[in-house]
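Presented below is the structure to which this report refers.
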Amino acid sequence: MAAFFFGGCTAESSQAGRSYNAQPQPHTISFILVSSSAGSSAPIVVLVHGLWMRGWVLAFPRIQLAQQGYRPIAFSYPSIRLPLASIAGRLAELVRSLRAPVHLVGHSLGGLVVLQMLANHPELAVKRVVLLGSPCMGSTAARHLARFHFGRAIIGRAIGQWRQEDGILAARQFQIGVIAGTQPFGLGRLVMKLPRPNDGVVLVDETRLPGAADHITIRVSHTGLIFSSKVNLQVCNFLEHGHFAVA
C-alpha cells in the first residue's frame, strides 16, 4: 500500500540522451526504461510500484540505480483493477521478454506482486530481490479497510488475495532482502491507530518474511522508502553482495 498514484499504462524510454513514448495496446506490458552509462551489458533491475502508483513514480530510484551502473526498468500496472495473479503474470511476461537474468525491487504491494510471480514461476532467471515496506505477513491497515465497502473499493482486489505461504515459498528459492521503514507517517494513521514500529502504513513485523536472506529497518516513512538515498544504497549493496551494509 502507498502514496497517491494509480497504476498506469504508458511506456517511456530514455536512451543515449534520446527519449520516446510508446502507447501500448490493451493487455500489453507497460514499462519505463532508463539507460545506464554501462550500456546494454549492465545488470537489469526491474522495479515494481505499489498501490495507487504508476511506474514514473519510481523515477528517483531508477536514476540512482542507473548512476550505480544498473539498467533499471519500472514495471507499471493497474494496481486496483486487476487480481494479484494477473499482475504477477504480466510481470513474468516482462521478465521473460528481457532474455537475461534480472534483479527485482518491489515497493509495498509491488513486493507482493514480485513474490507472487516468484512463487508461480520459479523457473524465471531472477538473481536477487529487495522488498521495500511490503506487508509479506499481511496488512493490518488493509484488513481494517476491507471491512467497509468504500475501503474495498480503494484498496482493490490484489492486496486481499495475498497468501503468506507464497512469500515463504519464494524465499526458499530466491535470495530476498527486506527493508522496513520506522517513520510512522502515512495514510495508515488516518485509517486506524497502528501498533509501533511502523512506517505509517505497514508494521515492521508485517515485513518480516520467514526465510529472507536479510532484513533491516531505516528511519523513513512508507512512501519515503522510494525517495531515500540511504535506502537506495542498501538496495545496491544487497543486489551486489546478497546482504545489506552494516549501519
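The values are calculated or read from the model by the stated rules, or taken from the named source; none is laboratory data. Please read these numbers as outputs of a predicted model, since none were measured by experiment. Virtual Cβ from ideal backbone geometry, glycine too; neighbours counted across all protein chains shown.
Among the residues here, PRO72 does not qualify as assigned to a helix (DSSP H, G or I), modelled with pLDDT of 90 or more, within 14 Å of the chain's Cα centre (by Cα) and buried (at least 17 other Cβ atoms within 10 Å of the Cβ).
When the criteria are applied in full, ILE80 fails the requirement of being in contact with a Phe, Trp or Tyr (Cβ under 9 Å, 6 or more places away or on another chain) and either small (Gly, Ala, Ser) or buried (at least 18 other Cβ atoms within 10 Å of the Cβ) (or both). As an exercise: evaluate GLY50 against (1) part of a helix (DSSP H, G or I); (2) in contact with a Ser or Thr (Cβ under 8 Å, 6 or more places away or on another chain) and give the number of the one condition it does not meet. So GLY50 meets the others, but not (1). Of the numbered conditions (1) in contact with a Gly (Cβ under 7 Å, 6 or more places away or on another chain); (2) more than 28 Å from GLN67 (Cβ to Cβ), LEU225 fails exactly one; give the number of that condition. Unmet condition: (2).
Pairing each residue of the stretch 236-247 that is part of a loop (DSSP other than H, G, I, E, B) with any residue that is of a type in the set (A, V, I, L, M), provided the two are 6+ apart or on different chains, yields C-beta distances under 8 Å for GLY242/ALA213; HIS243/ALA213; PHE244/ILE179; PHE244/ILE216; ALA245/LEU233; ALA247/ILE216.
Of the residues contained in the stretch 239-246, none is found to be closer than 26 Å to LEU82 by Cβ and in contact with a helix residue (DSSP H, G or I) (Cβ under 7 Å, 6 or more places away or on another chain). Within the stretch 94-111, not a single residue is among the polar types (S, T, N, Q), without any contact (Cβ under 8 Å) to a residue 40 or more places away in the chain and either over 22 Å from LEU225 (Cα atoms) or in a strand (DSSP E or B) (or both).
Do we have any residue at all in the stretch 139-154 that's modelled with pLDDT of 95 or more and either assigned to a helix (DSSP H, G or I) or surrounded by fewer than 17 Cβ atoms within 10 Å (Cβ to Cβ) (or both)?
no
Within the stretch 192-214, being under 24 Å from VAL57 (Cβ atoms) and not β-branched (Val, Ile, Thr) holds for LEU194, ASN198, ASP199, GLY200, LEU203, GLU206, LEU209.
Among the candidates ILE168, ILE179, single out the residue that is among the hydrophobic types (A, V, I, L, M, F, W, C), in a strand (DSSP E or B) and either surrounded by 16 or more Cβ atoms within 10 Å (Cβ to Cβ) or free of Cβ contacts under 8 Å to residues at least 12 places away in the same chain (or both).
So the residue among ILE168, ILE179 that is among the hydrophobic types (A, V, I, L, M, F, W, C), in a strand (DSSP E or B) and either surrounded by 16 or more Cβ atoms within 10 Å (Cβ to Cβ) or free of Cβ contacts under 8 Å to residues at least 12 places away in the same chain (or both) is ILE179.
For the stretch 155-165, what are the residues that are closer than 16 Å to LEU82 by Cα and either of a type in the set (Asp, Glu) or part of a helix (DSSP H, G or I) (or both)? ILE155, ILE159, GLY160, GLN161, listed by residue number.
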